[in-house]
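Down below is the structure, laid out as structure tokens.
The values are calculated or read from the model by the stated rules, or taken from the named source; none is laboratory data. Treat the numbers as computed from the prediction; the structure is a model and nothing was measured. For neighbour counting, all protein chains shown are included, and Cβ atoms are generated from backbone atoms with ideal geometry for every residue, glycine included. Just the protein is used for accessible areas: all its heavy atoms, side chains included, with ligands, DNA and RNA removed. Shrake-Rupley method; radii C 1.70, N 1.55, O 1.52, S 1.80 Å.
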Amino acid sequence: MDFKQAIAAALSTPAGLPAEELYTWLETPRSPEMGDYAFPCFKLARTLKNAPPAIAAQIAASIVLPQGVAKAAQAGGYVNFFLDKAARAKAVLERVFDEGERYGGSDMGKGRNVCIDYSSVNIAKPLHIGHLPTTVIGAALYRIYNHLGFHSVGINHLGDWGTQFGKMIVAFKRWGDRDTIEQGGVDELVKIYVRYHQESDQNPALDDEARAWFKRIEDGDAEALELYEWFKEITLKEVAQAYDILGIRFDSYAGESFYNDKMGRVVDELKEKGLLKLDQGAQIVDLSDYKMPPCIILRSDGATLYATRDIAAALYRKDTYDFARCLYVVAYQQDLHFRQWFKVVELMGYDWAKDLVHVSFGMVSGTEGAFSTRKGNMVKLRDVLSAACEKTYDIICEKSPDLEDKEVVAKQVGVGALVWNSLYNGRIKDVVFDWDLVLNFDGETGPYAQYTHARACSVLRKADYKPGAVDYARLTDAESSAVIVAIGAFPDAVVEAMEKNEPYLVTRSVMNICTAFNKFYYEQRIMTDDAAVRQARLALTDATRRVIAVGLGLIGVAAPERM
RNA sequence: GCGCCUGUAGCUCAGCUGGAUAGAGCAACGGCCUUCUAAGCCGUAGGUCCCGGGUUCGAAUCCCUGCAGGCGCGCCA
């Protein structure tokens, strides 16, 4: 039962317009006292040749109220509709109980694949705080699309190719030690890599050596390949830990090296279609008609580039997954790059170029300015994660000394705080990494949402709650209604989050539910003596806890039952 | 120079497919634990919605001109 649709249908006759259009006119008033839906009559003034307030009054007086709508009242140029609170409570809560973990989901994406390219780790480089946005945004979208019936394909487009691996081999052979690296992992690889750069400044011959080693990787030389694969293994083992903590997995790790033998096809095809042009020795696709610089496909030395590889990957993904959408969760710095090669794919005649989406996000910098390896002010993801967990552990010891599994919960809450933080605002906003901010657990934070969930669970536990018949007329007070409205808004938030590729819409929706519930919790005693009221409030508490868990699940934050 | 993005409370942000007095959190100040988890709740204070034009019955929201900041602009990814 969709009240908004019913109201739009009922308005159709007096307004003289189709219900579908009126549906889009309907808005939600700022305050619940003003009603649940508002219909602005200003646009009707011209066609109906009357003043908006008069039209509103007329509609309010004459409209046939649909089921579940209690009242229509004129206020200025608006008709405000007030729902029957019990009817709404019934509709919303029954849907929650009915759908359970699938609440807010649907099968709208049934049979359609969505490729999501995110995280994209570089081999032999550590994960740092800058990897957090792409990783958690991508992972959240992965779950959100799946929730809506799509089939998500998570792709970690590894940065696993390039001359730096020749350098790594040179560095390893000169200064590396297998055991030390096995023990110390990526940090040790970085150490010898840094040393390489220091030494190569003095001794340029090293670069020739490195080039030769990279050539041997390319040619499939056994020793070179073994080392290369080993670097990869060391790195992937380490990032796997971070992904494990974040609860993330990928369906494919096909990265740069994977497309090595797939770029010839792109070049040939571009040539065939007459899109390639020789310019200053390089093969380019001219995009001046689209007010963009040319897209370079082949360097003057014949080597391929980033764009070539991305086009090859897109073609491969289309063939392999037949995606309905292919998302690239990559920082906005690369906006032009994506616009360029998306255009090239379009010019190649592929209509699915429109399904390629650059899901861009702002950059992460430190309070002292941009992070850089050279400045040495890079914040490692591992350090942030452990700092958050440690701080959480201390708080638990202070606030819930009797809690079992303190470490487990500390991890859930600490990590949850970080993930929530990354998914609380629009993607495009730049982020200044600030320890104080990240480790603040008050207010609009992950721990707040988790706390609300744990609180609800606690009540249900103490009440020994058993689902049963609910008298929804007991849930018509302002606080209960606010919770119900917030819960009822969740499904639309999920859909909008998918449409805009903006996970924060889900986060904010969860936040709204939590705020409403905490107020309800404070104002209305749940375990009252009146059995009918108690049962109704417990049902509301149960529904709240379920929806918070679903929402947190979508954004990748754990929902502990105690904390 | 050109292109893209951003500009809302001291700080971080929501609101931006036009609508009713511009909303949160943090920070500040003041209240609320002998009732269900105080990681909570309530209150006070805090705003030229960057400036200026335009469209409209109505603009934080749409269009144009500026200003400020970020990012990018052929052989890196």
Surface share of carbon and sulfur [accessible, 1.4 angstrom probe, percent] for the stretch A:72-115: 44 percent
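At 0.36 nm per residue, and after removing the present C-alpha to C-alpha distance, how many nm does the segment from A:Asp2 to A:Tyr290 gain when stretched out fully?
Between A:Asp2 and A:Tyr290, full extension yields 99.2 nm more.
Calculate, in nm to one decimal, what A:Tyr306 and A:Asp394 gain on full extension: separation in residues at 0.36 nm each, minus their alpha carbon distance.
27.1 nm
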In nm, spacing of pseudo-spin labels at A:Asn203 and A:Thr320 (7 Å Cα→C-beta vector): 4.0 nm
When the Karplus curve 6.51 cos²θ - 1.76 cosθ + 1.60 is applied with θ = phi - 60°, which whole-Hz ³J(HN,Hα) does each residue of the stretch A:61-71 get, with x for Gly and Pro? 7, 9, 5, 8, 6, x, 3, x, 9, 8, 7
Within chain A, cysteines having no neighbouring cysteine beta carbon under 4.7 Å are A:Cys41, A:Cys295, A:Cys389, A:Cys397, A:Cys457, A:Cys514
For chain A: accessible area per residue (Å², 1.4 Å): 47 Å²
In nm, the gap between the two label points placed 7 Å beyond Cα toward Cβ at A:Val190 and A:Phe42 is 5.5 nm
Karplus ³J(HN,Hα) for the stretch A:417-434 (6.51 cos²θ - 1.76 cosθ + 1.60, θ = phi - 60°; Hz, whole; x = Gly/Pro) runs 4, 5, 5, 3, 4, 6, 10, 8, 10, x, 4, 6, 5, 5, 10, 9, 6, 9
Quick calc: nm separation of the 7 Å Cα→Cβ label points for A:Asn260 and A:Trp435 -> 4.2 nm
Using 0.36 nm times the number of residues separating A:Met527 and A:Ser458, minus their current alpha carbon distance, what extension gain do you get? 23.6 nm
Taking amide hydrogens as modeled 1.01 Å from N in the peptide plane, which residues meet the under 5 Å criterion relative to A:Gly366, leaving out close sequence neighbours? A:Phe371, A:Phe433
Can you give me the long-range amide H partners of A:His128? Hydrogens built in the peptide plane at 1.01 Å from N, cutoff under 5 Å, separation of 5 or more residues or another chain. A:Leu381
Per the 1/(1 + (r/R0)^6) rule, R0 = 56 Å and r from the Cβ atoms of A:Ala212 and A:Asn146, FRET efficiency to 0.05 is 0.75
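Report, for chain A, the % of DSSP beta bridges that are antiparallel, rounded to 5. Show your work: numbers first, answer last.
On the way: 22 of 41 bridges.
Of all bridge pairs located within chain A, approximately 55 percent are antiparallel.
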Amide H neighbours of A:Val79 under 5 Å, counting only residues 5+ apart in sequence or on other chains, H built in-plane at 1.01 Å? A:Phe39, A:Cys41
What's the angle, to the nearest 10 degrees (0 to 90), between helix A:131-147's Cα axis and the longest principal axis of chain A? 50 degrees
If one compares the long axis through the Cα atoms of helix A:3-15 with the longest principal axis of the Cα atoms of chain A, the angle in degrees, nearest 10, works out at 70 degrees
With axes computed from alpha carbons, what is the tilt in degrees of helix A:222-246 against the longest principal axis of chain A, rounded to the nearest 10 within 0 to 90? 20 degrees
Over the stretch A:250-292, what percent of the accessible surface lies on carbon and sulfur atoms, probe 1.4 Å? 45 percent
Through the Karplus equation 6.51 cos²θ - 1.76 cosθ + 1.60, θ set to phi - 60°, convert the phi angles of the stretch A:194-203 into ³J(HN,Hα) values in whole Hz; use x for Gly and Pro. 4, 4, 3, 5, 4, 6, 5, 4, 7, 10
For the stretch A:346-447, which whole percent of the accessible surface, found with a 1.4 angstrom probe, sits on carbon and sulfur atoms? 49 percent
